[in-house]
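Notes follow the structure.
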Amino acid sequence: MAATETPIQKFYKNTNVFITGGTGFLGKILIEKLLRSTEVNTIFLLIRCKTENDIKSRCEKIFDSEVFNKLKQHNANFKQKIQPVEGDCALSGLGLKSTDRNELINNVNIVFHIAATVKIEGNLKYSFNINVNGTKDVLDLARDMKHLKSIIHVSTAYCNCPYKVIEEKIYDCQMCYEDYKTKIEKCSETEIATITPGLIGKWPNTYTFTKALAESLIKEHATGLPVAIYRPSIVISTYKEPLEGWTENFYGPTGVYAMMMAGLLRLALADLTKDSYCIPVDTCVAGLIATSWDCSIKFEKSSDIPVYNHVPVENPITWGEVDNLVKLNIDQYPLLNSFWTPFLIVTSNITVFSILKIFVHTIPAIISDCVAVFTMNKPSALKKYNQIHRFVIAISNCSTRNWDYSTDNISKLYEKLTIEDKELFPMSVTTIHWLRFMKNYTIGMRRYLFKENDSTLENAKKKYRRFKIVNGVLKCVIVYVFCNLLSSAMRKFT
Ligand SMILES: NC(=O)c1ccc[n+]([C@@H]2O[C@H](COP(=O)([O-])OP(=O)(O)OC[C@H]3O[C@@H](n4cnc5c(N)ncnc54)[C@H](OP(=O)(O)O)[C@@H]3O)[C@@H](O)[C@H]2O)c1
């Protein structure tokens with residue numbers, strides 16, 4: 001802790017914080033940072049009970065991650081500050097027991113509503129329940145809180161993707177929350193699939209649609225509450241804190257590059273000239289923490305709901321640059337357990353994608369499934385590639401377009417921070433050195449996603465060189481066979 005407290009540290013000192021989504025990627029980094037850089041009193045974590053895992057053991061599991069090692073050194077007793085609360089955003093009233101609800105309304109000062117289903121094309125009923133009804137229930141709970149200072153709703157910079165210009169304001173949806181709720185709730189599971197395209201309209205998927213609805217619900221229902229909306233773009237691994245290159249999920253570009261590293265994905269759908277809008281998760285969390293402080297100050301002066309677009313427009317990196325840097329780094333940090341030489345063809349054209357996928361994925365998958373059948377194993381490659389293709393197409397809405405984001409609120413917030421807070425909460429995208437970041441991103445995928453120890457690197461490099469030779473020979477054979485076929489076909493015609 002700094003010798004004298006910074007304004008943000010003073011804001012958090014002795015507060016009780018309620019977090020939904022604390023078991024997820026962003027949530028873990030937020031918990032870690034709050035406990036390491038501020039003196040919060042208690043963090044209440046809303047955790048849903050999953051099969052045979054009670055919430056205490058799920059809560060314990062969060063802290064098994066290597067991402068908490070630094071905190072463990074800093075404060076061995078940090079777990080005393082954590083209080084798990086059983087709940088589920090898909091259930092009415094967040095599924096809270098009345099004793100837990102009372103404890104929250106009597107004690108909580110700061111709320112971070114992070115929980116969401118991030119399934120891009122999830123069932124609309126399911127996504128609506130968690131992302132929209134869950135947000136309504138968080139607002140209802142917050143309204144009863146007696147000592148509330150701020151609530152931050154974590155949205156996404158993509159929730160207004162049907163528009164070209166994205167300002168830091170809440171956009172209206174076609175209907176109000178109640179009308180959507182009535183329509184969605186009265187549908188059966190089978191009917192919902194039929195009416196989904198009509199209901200989501202110009203939104204490309206249920207994820208961005210329900211995140212947009214949650215925002216418009218906040219505009220309708222949060223009057224009088226100290227609420228703000230925080231919209232990060234594509235959140236990827238840590239830049240520096242608490243360790244470099246840490247990541248734990250396969251969403252978005254991380255999934256694409258991880259599958260490429262493993263030699264499984266050879267084709268992606270993206271426009272290499274477009275900005276990628278990637279933002280490291282620690283930069284994001286620093287912004288989130290600062291946003292809560294700013295929201296409570298703003299609420300004293302105005303009842304407007306502040307919106308913060310945390311998008312790296314001042315320090316952009318294109319998909320082409322990301323692609324080059326990942327490929328360069330994979331040469332240095334290959335995987336030991338890869339299936340083939342990593343290579344990735346990137347196209348922005350869906351027709352080209354559909355043709356190429358037959359050659360680079362489907363045919364090899366069919367061969368692999370045939371081998372599996374002959375060796376009495378279960379064939380699964382083709383099924384997996386169909387899933388991968390759906391995933392690549394689903395995320396292509398983000399990887400083939402650009403938007404004009406306004407980021408005034410987030411920039412002004414950064415300017416408001418003292419020098420000490422800027423150092424403690426480095427939320428500015430301008431401080432990101434992408435070369436360094438991409439190197440650690442690749443090392444991080446190797447270490448934390450694939451759990452490959454650094455000591456395996458030399459063997460991995462040897463295997464990588466062998467794969468490259470085999471791959472080169474194979475390419476020559478394919479070109480030779482193709483040329484022969486072409487020339488014999490031409491001879492037949494002439
Ligand atoms: N990752 C990105 O690139 C990105 C970009 C922009 C915005 N965001 C937003 O950031 C937030 C967090 O994303 P993330 O990347 O951290 O996702 P994540 O790793 O999938 O975490 C999602 C969290 O939400 C919780 N959750 C889901 N359904 C729930 C339910 N019914 N009740 C209670 N908790 C539930 C999950 O809990 P369980 O452990 O129980 O599943 C988990 O803790 C989301 O609101 C997302 O929209 C993410």
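The values are calculated or read from the model by the stated rules, or taken from the named source; none is laboratory data. Just so it is clear, the structure is predicted and the values come from calculations on it, not from any experiment. We place every Cβ from the backbone using ideal geometry, glycine too, and count neighbours over all the protein chains shown. Ligands, DNA and RNA are excluded from the accessible area calculation, which covers all protein heavy atoms including side chains. Shrake-Rupley method; radii C 1.70, N 1.55, O 1.52, S 1.80 Å.
Odds and ends about this structure:
- Within region 186-205, if we keep just the residues that are closer than 21 Å to SER92 by Cα and touching a residue at least 40 places away in the same chain (Cβ under 8 Å), the residue that is surrounded by the most Cβ atoms within 10 Å (Cβ to Cβ) turns out to be ILE192.
- Failed item in (1) in contact with a Pro (Cβ under 9 Å, 6 or more places away or on another chain); (2) basic (Lys, Arg); (3) without any contact (Cβ under 8 Å) to a residue 24 or more places away in the chain, with LYS301 passing the rest: (1)
- Of all positions in region 107-123, none carries a residue that is among the charged types (D, E, K, R) and more than 16 Å from the ligand (Cβ to nearest atom).
- Only a single criterion out of (1) open to solvent by less than 10 Å² (accessible area, probe 1.4 Å); (2) at pLDDT 95 or above; (3) part of a helix (DSSP H, G or I) is not satisfied by TRP293, namely (1).
- Region 353-379, residues that are without any contact (Cβ under 8 Å) to a residue 12 or more places away in the chain and within 27 Å of the chain's Cα centre (by Cα): SER354
- Members of region 227-276 found to be in a loop (DSSP other than H, G, I, E, B), closer than 22 Å to VAL313 by Cα and within 14 Å of the ligand (Cβ to nearest atom), listed by number: SER233, SER237, THR238, TYR251, SER276
- Tally of residues being in contact (Cβ under 8 Å) with a residue 40 or more places away in the chain, away from the ligand (no atom under 13 Å from the Cβ) and not in a helix (DSSP H, G or I) across region 9-43: 8
- When region 227-273 is filtered for residues that are of a type in the set (Phe, Trp, Tyr) and in contact with a Phe, Trp or Tyr (Cβ under 7 Å, 6 or more places away or on another chain), the ones remaining, listed by number, are TYR230, TYR239, TRP246.
- Against the conditions (1) under 25 Å from LEU328 (Cα atoms); (2) in contact with a helix residue (DSSP H, G or I) (Cβ under 9 Å, 6 or more places away or on another chain); (3) at pLDDT below 95, LEU474 satisfies every one except (2).
- Top-ranked residue in region 376-401 [being part of a helix (DSSP H, G or I) and among the small types (Gly, Ala, Ser); ranked as surrounded by the fewest Cβ atoms within 10 Å (Cβ to Cβ)]: ALA394
- Filtering region 69-91 to residues that are within 12 Å of the ligand (Cβ to nearest atom) and out of contact with any helix residue (DSSP H, G or I) (no Cβ under 7 Å at 6 or more places or on another chain) leaves only LEU91.
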